[in-house]
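Below you'll find the structure, written out as structure tokens, and then a few comments.
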Amino acid sequence: MTARVIMQTPDIHRVLTRIAHEILESNRGADNLVLLGIPTRGVTLARRLAAIFQTIVPGAAIPVGALDVTMYRDDLWQHPTRMSSPTDVPVSIEGSTVILVDDVLYSGRTVRAALDAMTDLGRPQIVRLAVLVDRGHRELPIRADFVGKNLPSAHDERINVRLAELDGEDVVTIDQAVSA
Amino acid sequence: MSAPRFLIRGAQIGSGSATDILTQGNVIAAIGSGLDSAGAEIIDAHGLIALPGLVDLHTHLREPGYEQSETVLSGTQAAAIGGFTSVFAMANTNPVADTAGVVEQVLALGEAAGYATVRPIGAVTQGLEGMHLAELGAMASSRAQVRVFSDDGKCVSDPLLMRRALEYVKSFNGVIAQHAQEPRLTEDAQMSEGEVSARLGLAGWPAVAEEAIIARDVLLAEHVKSRLHVCHLSTAGSVEVIRWAKARGINVTAEVTPHHLLLSEDRAETYDARFKVNPPLRRREDVLALREALADGTIDIVATDHAPHPSESKECEWGAAAFGMIGLESALSVVQESMVETGLFTWDDVARVLSITPARIGGLASHGQMLAVGAPAEITLVDPHDRQVFTTDRLAGQSHNSPYLGIDLPGRVMWTIHQGYATVAGAKLIATDIIAAQAEEVRRG
Amino acid sequence: MRHLLSTSELSRDAAIDLLDISEDMAAVADRENKKLPTLRGKTVVNLFFEDSTRTRISFEAAAKRLSADVINFSAKGSSVSKGESLKDTAQTLSAMGADAVVIRHGASGAPAVLAASGWIDAGIINAGDGTHEHPTQALLDAFTMRRRLHGAGSRGKGLDGVSVTIVGDIVHSRVARSNVWLLKTLGAEVRLVAPATLLPVAVHTWPVTVDYDLDHALGESAPDVIMMLRIQQERMNQAFFPNPREYSNVWGLSNARWIGLPATTLVMHPGPMNRGLEISSAAADSPQSTILEQVANGVSVRMATLYTVLTGNREVHA
Ligand SMILES: [Zn+2]
């Protein structure tokens, strides 16, 4: 494998700040927003976004939650059994504007599962999707509203997102499988 | 004077050196080299070992009554393919072999089939119910000349009844073959009681249930000066009791099955009911103690306890499965594996425990003689160098409940000669009609 | 996990994963919509050769919350009680397209026989077999202990150093066996207390300490958890102990013994209880008692079990 570094701490911070501004702009402020991260790294990114909001709009405490989608996936028979993660949504999402947050948008199946999972929790007014990286190859009619970086990639490449809170460093790499 | 029949070339007699054996009619006519073989069928037996035809003192032929499991014909075919020329048929048929009529029927079925000499064992008690003595004298004086009596499958647990039986059979030099199992201590028992049973949650069968009965019976045999045979020893403790009794001069003989010489209780781990047997498989220590005891003569013989069951009796949950496993076809291989390959036995020892001594215990003069000039032509030729995975191809009986399927075993019976004719040639069973005709010819003289 | 037959097959990681998934399943039970779509289109058969309404309902609720179709196949009054073999029943269920079979059977090892047979391709979940094991009961017991002891911080944790005393009919108890192996795997220290008649003779080979005397055992050090096992009616007249009164006096969790325990000691019972025999009402109904939680947690643990057995790429797992 050869790994190419795509983003590091300053890049990640920069794009998250931009996304935060875009969200505030489209929402016309911080009112009614709920950030729901998709475990594991989506939750971390959602927390970072919430922190950035506070620097932009002092006093804005935007609720952050975790939305596990494992039990809603359509590929549970294609892989070894997946571990689930906790779902923790601290406020009612009824009538709110939910920003779903994930690290990488790929086939769109995870987001499809997230929409179903969210439906079982309540009925938001608006749902938007924010991702750090969009690598293309959609298999469902899903697109992100806020994208940190568009990264066209080949199927056999791996996009690897590492975040300091979980992995000890901030880095996004693209791993090229080298055929023997 | 009948014509020469077989010239067996280059066979090693027991542990001895290679030689030729010439049979004539149903006796061995000559042993040596340069024998006149005019008209004889030549068997190339180089590399094979010649044993006196094997004798099984403990076979369940299931007929009459349980013909879906085995018949006298199919059971003796299994015997032949395993190298046996005589089997003692246990009494737990339906009707039970507790009258002269039933034992004579079994005898006649064996004679008609012709694959092996069938000696019926008579029940000790009527219907194996442990209440009243069966007609022991009538069975002894019948055409079947029963000498071995057993309620096998059940224990003669009533001490007074056991004493009377031991005394009664003295008048015709009979022997009581006891299935030693204290019934109260083994109610609902499923496997040997110990570490494995505790883990598997199967009701335990304590060693003491066997050992206590053996201890009682050797003391009874001593007291009434009779002869006792103990079936299928399974524990190290039973060996100690027999050793003590023999040292004391008590007239007791003991048997062990091939499976108790090779398999241990851990086979139950998968709840594969092929390993469910009575008495149960025991600990590794017990297996080793049984081998030692067979090697030092404390245990006199190996007997198969061949117990055929239809597949539905084994393809089920352990608790619902029948006890027992077939053993005739595999016995010699298992004895080779557990006793010869381990260096505990010579092939002469194999002849002793699988032919000579069981014939003596059962009072069967026509079998179990050393291969010598004038001895009956009851001969088994085994290839000791063969080693392969044991499969259903090796089975000749009606049932397939062998615990050895899929296990690597040495040795293969290549020829079995019974009453002078071959029942097995080149490891293949000779056809039923041919054998029946040969047997008929022998009977006519 | 292809089947769940015995807790002895579970590694520490696999056991903790199951408990963690159970936590996520338990969270679903707290929301308004208690249903997950996970096992839509899958068929779970509850094959009960023994009556056990409690266990069957628990599995049924678990399967339904995961959107599986549930077929209850009770042996009573069916062809099974008319002598149909396990093999024939299994082949029938296979033909019906069962993806998982939850089996309760009076014969030890029946689930293992089913799993190894080739008669049916379904995942097999042991819901109690004879006197062998009852793995989901042990999992729910461990789950209950972990929640009480670690609360919200349970995730990822075992039961390291937790002292558990199991009292009663060990030799005939599938609950005890499954608990002994699982608790050991999770790092707990297990003590068994019973008259010698109700312990396996080979109990010294188990990873436990043994005491015949309950007062002595409790006097040495109060356990973190005391689990009382049910005394079955049919044991009463088989000389395992002289009579129920003597059993209750010596091995029951009486009021006096319960009052002597610290307020932190959890009181567990797999149910159904014989109040006044192995456990006093005061102990059973006390705040330390987890008996009702055990019932609720049972559904979560069985959801996790069904999820783990029914999902996953079998080729990868095999
Ligand atoms: Zn027997």
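The values are calculated or read from the model by the stated rules, or taken from the named source; none is laboratory data. In this text, all values refer to a predicted model and were calculated from it rather than measured experimentally. Cβ coordinates were reconstructed from backbone atoms using ideal geometry, including for glycine residues, and neighbour counts include every protein chain displayed. SASA here: full protein model, heavy atoms, side chains in, ligands and nucleic acids out. Shrake-Rupley method; radii C 1.70, N 1.55, O 1.52, S 1.80 Å.
Pairs meeting the criteria (first residue in the range B:189-209 and more than 7 Å from chain C (Cβ to nearest Cβ), second residue basic (Lys, Arg), beta carbons under 6 Å, at least 6 apart or on different chains) are B:Ser192/B:Arg282.
Scanning the range C:3-14 for residues that are within 11 Å of another protein chain (Cβ to nearest Cβ), out of contact with any helix residue (DSSP H, G or I) (no Cβ under 6 Å at 6 or more places or on another chain) and either open to solvent by 40 Å² or more (accessible area, probe 1.4 Å) or within 20 Å of C:Leu149 (Cβ to Cβ) (or both) gives a single hit, C:Asp13. Outside any strand (DSSP E or B), within 14 Å of chain A (Cβ to nearest Cβ), charged (D, E, K, R) and touching a residue at least 60 places away in the same chain (Cβ under 8 Å): does that describe C:Asp17? So C:Asp17 passes the test. How many residues are away from every other protein chain (no Cβ under 14 Å), outside any loop (DSSP other than H, G, I, E, B) and buried (at least 17 other Cβ atoms within 10 Å of the Cβ) if we restrict to the range A:55-87? So the count comes out to 1. In the set C:Ile170, C:Ile166, only one residue is buried (at least 24 other Cβ atoms within 10 Å of the Cβ), away from chain B (no Cβ under 14 Å) and under 16 Å from C:Trp251 (Cβ atoms); that residue is C:Ile166. Restrict the check to the range B:45-67 and report whether at least one residue is among the acidic types (Asp, Glu), over 27 Å from the mean Cα position of the chain (by Cα) and more than 16 Å from the ligand (Cβ to nearest atom). There is no residue in the range B:45-67 that is among the acidic types (Asp, Glu), over 27 Å from the mean Cα position of the chain (by Cα) and more than 16 Å from the ligand (Cβ to nearest atom).
Results for (1) assigned by TED's automatic domain parsing to the domain that holds C:Lys87; (2) in contact (Cβ under 8 Å) with a residue 60 or more places away in the chain, shown as yes or no for each residue.
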{"position": "C:Gly123", "(1), (2)": "yes, yes"}
{"position": "C:Gly128", "(1), (2)": "yes, yes"}
{"position": "C:His172", "(1), (2)": "no, yes"}
{"position": "C:Thr209", "(1), (2)": "no, no"}
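Out of the range C:258-280, which residues are without any contact (Cβ under 8 Å) to a residue 40 or more places away in the chain and either in a loop (DSSP other than H, G, I, E, B) or under 22 Å from the mean Cα position of the chain (by Cα) (or both)? Correct list: C:Ala263, C:Arg275, C:Gly276, C:Ser280. Within the range C:190-211, the set of residues being open to solvent by 30 Å² or more (accessible area, probe 1.4 Å) and either part of a helix (DSSP H, G or I) or out of contact with any Leu (no Cβ under 8 Å at 6 or more places or on another chain) (or both) comprises C:Arg191, C:Ala196, C:Thr197, C:Val201, C:His204, C:Thr205, C:Pro207. Inspection of the range B:321-331 identifies at least one residue that is more than 14 Å from chain C (Cβ to nearest Cβ), of a type outside the set (Gly, Ala, Ser) and over 13 Å from the mean Cα position of the chain (by Cα). Beta carbons closer than 9 Å, at least 6 apart along the sequence or on distinct chains, pair a first residue in the range B:219-234 that is under 14 Å from B:Leu160 (Cα atoms) with a second that is open to solvent by less than 10 Å² (accessible area, probe 1.4 Å) and within 16 Å of the ligand (Cβ to nearest atom) for B:Leu220/B:Met162; B:Leu220/B:Leu228; B:Ala221/B:Ile176; B:Ala221/B:Leu228.
Just wondering, is there one or more residues in the range B:214-230 that are in a helix (DSSP H, G or I), within 16 Å of the ligand (Cβ to nearest atom) and among the aliphatic types (A, V, I, L, M)? Scanning the range B:214-230 turns up at least one residue that is in a helix (DSSP H, G or I), within 16 Å of the ligand (Cβ to nearest atom) and among the aliphatic types (A, V, I, L, M).
Cβ separations smaller than 7 Å between residues 6+ apart or across chains give no pair from the range B:146-167 residues that are open to solvent by less than 40 Å² (accessible area, probe 1.4 Å) to residues that are within 16 Å of the ligand (Cβ to nearest atom) and of a type in the set (Lys, Arg).
Suppose we filter the range B:170-198 for residues that are within 16 Å of the ligand (Cβ to nearest atom) and among the acidic types (Asp, Glu); how many remain? Residues that pass the stated criteria total 1.
Just one of the numbered conditions (1) at pLDDT below 95; (2) within 18 Å of B:Leu429 (Cβ to Cβ) is not true of B:Ile43: (1). Selection of the range B:35-55 for residues being part of a strand (DSSP E or B) and surrounded by 12 or more Cβ atoms within 10 Å (Cβ to Cβ) yields B:Glu41, B:Ile43, B:Asp44, B:Ile49, B:Ala50, B:Leu51, B:Pro52, B:Leu54, B:Val55.
Which of the residues that make up the range C:26-54 are small (Gly, Ala, Ser) and facing another protein chain (nearest Cβ under 9 Å)? Answer for the range C:26-54, where residues must be small (Gly, Ala, Ser) and facing another protein chain (nearest Cβ under 9 Å): just C:Ala27.
Residue check: is C:Arg155 open to solvent by 50 Å² or more (accessible area, probe 1.4 Å) and away from chain B (no Cβ under 13 Å)? So C:Arg155 fits the description; yes.
Quick one: would you say C:Met1 is in contact (Cβ under 8 Å) with a residue 12 or more places away in the chain and assigned to a loop (DSSP other than H, G, I, E, B)? Let's see the steps before the verdict.
Working: in contact (Cβ under 8 Å) with a residue 12 or more places away in the chain: yes; assigned to a loop (DSSP other than H, G, I, E, B): yes.
In short, yes.
Within the range B:394-414, does at least one residue satisfy the condition of being closer than 28 Å to B:Thr19 by Cα, open to solvent by less than 20 Å² (accessible area, probe 1.4 Å) and hydrophobic (A, V, I, L, M, F, W, C)? Yes: the range B:394-414 contains one or more residues that are closer than 28 Å to B:Thr19 by Cα, open to solvent by less than 20 Å² (accessible area, probe 1.4 Å) and hydrophobic (A, V, I, L, M, F, W, C).
Would you point out which residue out of B:His232, B:His223 is assigned by TED's automatic domain parsing to the domain that holds B:Leu288 and either modelled with pLDDT under 95 or crowded, with 24+ Cβ neighbours inside 10 Å (or both)? I'd like the intermediate steps shown before the answer.
On the way: B:His223 fails: either modelled with pLDDT under 95 or crowded, with 24+ Cβ neighbours inside 10 Å (or both).
Of B:His232, B:His223, the one residue that is assigned by TED's automatic domain parsing to the domain that holds B:Leu288 and either modelled with pLDDT under 95 or crowded, with 24+ Cβ neighbours inside 10 Å (or both) is B:His232.
In the list B:Ala247, B:Ala322, which residue meets the criterion of being within 16 Å of the ligand (Cβ to nearest atom), surrounded by fewer than 20 Cβ atoms within 10 Å (Cβ to Cβ) and not aromatic (Phe, Trp, Tyr)? Can you show your working first?
Working: B:Ala247 fails: within 16 Å of the ligand (Cβ to nearest atom).
None of the others qualify; the one that does is B:Ala322.
Take the residues in the range B:274-298 that are more than 14 Å from every other protein chain (Cβ to nearest Cβ) and within 15 Å of the ligand (Cβ to nearest atom), then tell me which one is surrounded by the most Cβ atoms within 10 Å (Cβ to Cβ). The residue in question is B:Pro280.
As for the range C:90-107, it holds at least one residue that is within 11 Å of chain B (Cβ to nearest Cβ) and touching a strand residue (DSSP E or B) at 6+ places or on another chain (Cβ under 6 Å).
Among the residues of the range B:407-433, count how many are part of a loop (DSSP other than H, G, I, E, B) and in contact with a strand residue (DSSP E or B) (Cβ under 6 Å, 6 or more places away or on another chain). Before you say what the answer is, go through the steps one by one.
Looking only at the range B:407-433, we keep the residues that are part of a loop (DSSP other than H, G, I, E, B), and these are B:407, B:419-420, B:426-427, B:430-431.
Filter once more, keeping what is in contact with a strand residue (DSSP E or B) (Cβ under 6 Å, 6 or more places away or on another chain): B:420, B:427, B:430.
Number satisfying all stated conditions: 3.
How many residues does the range C:112-135 contain that are within 19 Å of C:Ser173 (Cα to Cα) and at the interface with chain B (Cβ under 9 Å from one of its Cβ atoms)? Break it down into steps so the answer makes sense when it comes.
Filtering the range C:112-135 down to residues within 19 Å of C:Ser173 (Cα to Cα) leaves C:112, C:125-135.
Filter once more, so that each one left must be at the interface with chain B (Cβ under 9 Å from one of its Cβ atoms): C:112, C:129-133.
Summing the residues that are within 19 Å of C:Ser173 (Cα to Cα) and at the interface with chain B (Cβ under 9 Å from one of its Cβ atoms) in the range C:112-135 gives 6.
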